[in-house]
Amino acid sequence: MTKPILYHCQGARSLRCLWAAEEAGFDLDLKMLPFPPRFFAPEFKEINPLGTIPAWIENGEMMTESGAICQRIAMGTSLEVLPGEPGYFAYLNWLHRSDATLTFPQTIVLRYTRLEPKERRLPQAVEDYKGFFLGRAKSIEAALADGREFLAADRFTVADICVAYALYLSRTLKLDDELGPLCQEWLAKMVAREGFMRAVEREKEGPVSGL
Ligand SMILES: N[C@@H](CCC(=O)N[C@@H](CS)C(=O)NCC(=O)O)C(=O)O
């Protein structure tokens, strides 16, 4: 059986999937692309018509949501929480919150501080969405209170990976200084994991041409 393929750009949301694969010992075929593929690898749209990464191809089926791909990678490992286990609903909620609620506002900040040409930058949008992100990140601070080390089921799961990526992105955007102390401490522990460090080493393999 052929290995699943992960299309990834350095530092992007697809890092969640690469990190999850490293933690799970999941063998995949990594294809690095330049960012954004829409401009620098337009042929990628023939694979993923959305033009977004990650894209994950397995047995002829494609997935394009980083949280869903992490959920798939976790299957059958301690990184997943099963229905019926305590913490299952928190697990599902954090998995979805990680992108929809915690990453999304940061992408507005990223776009209007760095990606758009100077004349299209929008300081008001940056300020507003930075505020959204920092307000929403308080939910992580609350979840880590009372000495809790993980977000769900009292163990390290892909929910931690997905949420920690959102905080890792906040470092890139220099928003992390304004996070609460528990978030900062937790992020430092998450990125010190060997699985994370292997993933960031591996993503330096790209970018590649030829899909
Ligand atoms: N909800 C999706 C979002 C995917 C997404 O928007 N990816 C960004 C990268 S961080 C992308 O490919 N942006 C490039 C573009 O839209 O051209 C996920 O969690 O994977």
Roll a 1.4 angstrom probe over the protein heavy atoms and tell me the percent of accessible area of segment 71-211 that is carbon or sulfur.
55 percent
Cα-based Rg/(2.2 N^0.38 Å) for the chain, rounded to two decimals, is 1.01
Local electrostatic count at Phe156 - Lys and Arg +1, Asp and Glu -1, tallied over other residues with Cβ under 13 Å:
-3
Gyration tensor (Cα) of segment 142-202, equivalent ellipsoid semi-axes in angstrom
18, 16, 9
Taking Lys and Arg as +1 and Asp and Glu as -1, residues besides Ala74 with C-beta under 13 Å from its C-beta add up to -2
Could you tell me what % of all Cα pairs in segment 20-61 have separations over 11 Å?
69 percent
Restricting to DSSP H runs of at least four residues, report the calculated mean residue ellipticity at 222 nm for the chain, -39500 (n - 2.57) per run over all residues, nearest 500 deg cm²/dmol.
-14000 deg cm²/dmol
Mean separation of Cα pairs under 8 Å and 6+ residues apart, divided by the residue count of the chain: what relative contact order is that in percent?
27 percent
Mean-position separation - Cα centroids, segment 1-50 and segment 53-125, in angstrom
13 Å
Mean accessible area per residue over segment 155-211 (1.4 angstrom probe, all protein chains present, square angstrom) is 46 Å²
Once you order the gyration tensor axes a ≥ b ≥ c over the Cα atoms, which shape class does segment 62-152 get: rounded for a/c under 1.5, otherwise prolate or oblate by comparing a/b with b/c?
oblate
Carbon/sulfur accessible area of segment 20-70, % of total, 1.4 Å probe, equals 52 percent
By the scheme Lys and Arg +1, Asp and Glu -1, what is the net charge of all other residues having a beta-carbon under 13 Å from that of Asp176?
-1
Rounded accessible area per residue of segment 1-75, 1.4 Å, Å²:
47 Å²
Between Cys9 and residues 5 or more places away or on another chain, which pairs have amide H atoms under 5 Å apart, with H built 1.01 Å from N, and which residues are they?
Ser14, Leu33
Residue pairs, from the table Lys130/Lys174; Lys45/Lys204; Lys3/Lys31; Lys31/Lys204, whose Cα atoms sit over 20 Å apart
Lys45/Lys204
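The values are calculated or read from the model by the stated rules, or taken from the named source; none is laboratory data. Everything numeric in this text was worked out from a predicted model, so none of it was measured. Virtual Cβ from ideal backbone geometry, glycine too; neighbours counted across all protein chains shown. For accessibility, only protein heavy atoms count, side chains too; no ligands or nucleic acids. Shrake-Rupley method; radii C 1.70, N 1.55, O 1.52, S 1.80 Å.
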